[in-house]
Amino acid sequence: MSTEPTVAMVLADDERHRSRWPLALGLGFAAAILLTCGGAAVLARLGRPFVATPFDATSSVSDLSSDSNRLTRIAGLAAKEIDKVHPKGVYIVVDSYRNRLHLYDNGRLIRTAICSTGTGRVLKDPRNGKRWIFDTPMGERVVERKVQHPVWAKPDWAFIEEGYLPPKDPNERFDNMSLGDYALYIGDGFIIHGTLFKSLLGRRVTHGCIRLGDEDLEFVYKHAPIGTRVYLY
């Protein structure tokens, strides 16, 4: 029997070789993608050898030093930009979520006090439908004036809330007890003041003003001059 390859055998063998090329190319592309995308770890897990790129200690340390210097410069520039907008002098921060008032002097915290803030409740005047929302204001304000032994001129809502009609005589509106010994007015009728209800400090129970205990109020009053910025959130 002849052992010479026939034409049919050559063609069949050639067809088998051609059929392996797509598989070989596919595996080659897959390996390239794996290596490019950090697939060395995957190949290592499969038990295949992986040769790392030689580590050049000198150039790497130099690069790290350069990056560190660049980041230090960037951080320094960022700090300068932040310092430009950072409040200067004495300022007050009111956290209405946690009911805390913080007093700062040039960024240094000098007092933290438990306070009370607005309930967010809505009151409606049954006579004309006028509505009041008892929220503590958000944003930035300024201590416009300070008063020792303040007198409160009660607004209409203070009477309507208690079920009374507002008095026609203005003298019936004055209350020299409810605000405590000190008041810091921050605009639009909102005040940082004292309270008769000290057991409610730390709760949202006010009509929008910020209430403090006696000692904290006195400290804030004495250390926060007129013009002090008040940041409320």
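The values are calculated or read from the model by the stated rules, or taken from the named source; none is laboratory data. If you're wondering where the values come from, they're calculated on a predicted model, not measured in any experiment. Every residue, glycine among them, receives a Cβ derived from its backbone with ideal geometry; neighbour counts consider all protein chains shown.
Matching residues to (1) assigned by TED's automatic domain parsing to the domain that holds Arg121; (2) charged (D, E, K, R); (3) assigned to a loop (DSSP other than H, G, I, E, B):
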| site | (1), (2), (3) |
| --- | --- |
| Lys146 | yes, yes, no |
| Pro150 | yes, no, yes |
| Phe159 | yes, no, no |
| Leu165 | yes, no, yes |
| Lys168 | yes, yes, yes |
| Met177 | yes, no, yes |
| Gly180 | yes, no, yes |
| Ala183 | yes, no, no |
Quiz item: Does Met138 count as out of contact with any helix residue (DSSP H, G or I) (no Cβ under 7 Å at 6 or more places or on another chain), among the aliphatic types (A, V, I, L, M) and within 30 Å of Lys88 (Cα to Cα)?
Solution: yes
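For segment 123-140, which positions are exposed (fewer than 11 other Cβ atoms within 10 Å of the Cβ) and under 19 Å from Pro166 (Cβ atoms)?
Matches in segment 123-140: Pro126, Arg127, Asn128, Gly129, Arg131.
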Quiz item: Restricting attention to segment 83-109, which residues are aromatic (Phe, Trp, Tyr) and assigned to a strand (DSSP E or B)?
Solution: Tyr91, Tyr104
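Might you check whether a residue that is buried (at least 19 other Cβ atoms within 10 Å of the Cβ), in contact (Cβ under 8 Å) with a residue 40 or more places away in the chain and over 27 Å from the mean Cα position of the chain (by Cα) occurs anywhere in segment 150-166?
The answer is yes; a qualifying residue exists.
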